[in-house]
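Just so you know, all these numbers are worked out from the coordinates, no wet-lab data involved. Bear in mind the structure is a predicted one, so any value in this text is a computation, not a measurement. Every residue, glycine as well, gets a Cβ built from its backbone with ideal geometry; the counts of neighbours run over all protein chains shown.
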Amino acid sequence: MSTSDQPAVPAPAGTRTHTAILLALIVVLLAVCELASRLVFSSLKSNLRLRQEIGTALHIADAAGPNAPHRVLIVGNSLVLHGIDVPSVDSGLGPRYRADRLALVDEGYDGWRYGIRSLFDRGSRPDVVVLAISPAQFVSDRPPTGVMVGSIWTARAVVAYALHARADLTTATDLLLAHVSEFFALRQRLRQDTRKLIVPGYVAMSSQLFNRLPIVPDPSTNEPIAAARLDTLRRLCAEHGARFVYLIVPTRASDDDVLETALVDAGHSTGVPVVVPVPNASLPPAMLLDGYHLNDDGARFFSVRAGDALRLALGP
């Protein structure tokens, strides 16, 4: 009898028992991590802020009557978190508009492309969607964060992104786990918070590293990319009866300074308003928090002008 014809020898009973115990322990450990994540992160101030902003965005409905203000939803990343003061934006917009904010840290174009689609699919009906991420972030390819996938994306968005990005099995599995599990969705933030606790000067060090790694702008390629992405978002919003506007928050970063003009030109070619309330190079350095994000004074200074500029771009 050949070796291949020999019957398979079953594993010893002890080995099967040990395997079953190990699997059970893994399941228990994952359940504990999931429960702990939900308990811990539900009490964090940043998470409470995010949940409130998501809830507000999802309950934006169409204007109730001819005198109701038009709802403007401003979405973005940490530039929106630090740079958009909603009362100041409302002051600039005037009584015909009412602004709301939804900021997810570290989010880029792909995250918000499917994030905006998911908000519409989940019932949000703003009259205007304003995306505010930096020009460099807009033309760069950045994978979505677990927080975006877990808290805003629908299952349909997860599948659509995985197909569009031609995600491998590992990436697709990570997306699925982030969508259904708060522990997997928040593990990147957990790692960052842990580093802040155990590595002295981590925030300053990471900020310096970030500021030393700008992209190398190439308007000949960046402008077509920006135009295609602006048009994609314009069509997505138009399908749901909303207008789309791209808002540039100043950062004083060299790549954003160069790409600002390319984004404005891309807006002209696609019919998308690209609003520049405060040109990147003209922002006083004293209005920056960490060399990149606006501080409180800078946010108020910028937000009033952003409201004025948005009102002019939207027209009567």
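Of note:
- Computed over every Cα-Cα pair of the range 236-284 and binned at 5 Å starting from 0, the pair-distance distribution P(r) comes out as 5, 21, 25, 21, 13, 8, 5, 1 percent.
- The Cα atoms of the range 215-316 give a gyration tensor whose axes a ≥ b ≥ c have a/c of 1.5 or more with a/b no greater than b/c, which makes the shape oblate.
- The amide H of L288, built 1.01 Å from its N in the peptide plane, has N295 as neighbours under 5 Å, considering only residues 5 or more places off or on other chains.
- The packing ranking, built from the mean of other Cβ atoms within 10 Å per residue, places the peptides 222-230, 52-60 in the order 222-230, 52-60, highest first.
- FRET efficiency estimate (nearest 0.05) - Cβ-Cβ, N295 to V216, R0 22 angstrom: 0.20
- Peptide ranges 169-177, 131-139 listed from the most packed, as the mean C-beta count within 10 angstrom indicates: 131-139, 169-177
- Three-way shape call for the range 97-156 based on the alpha-carbon gyration tensor, with the a/c threshold at 1.5: oblate
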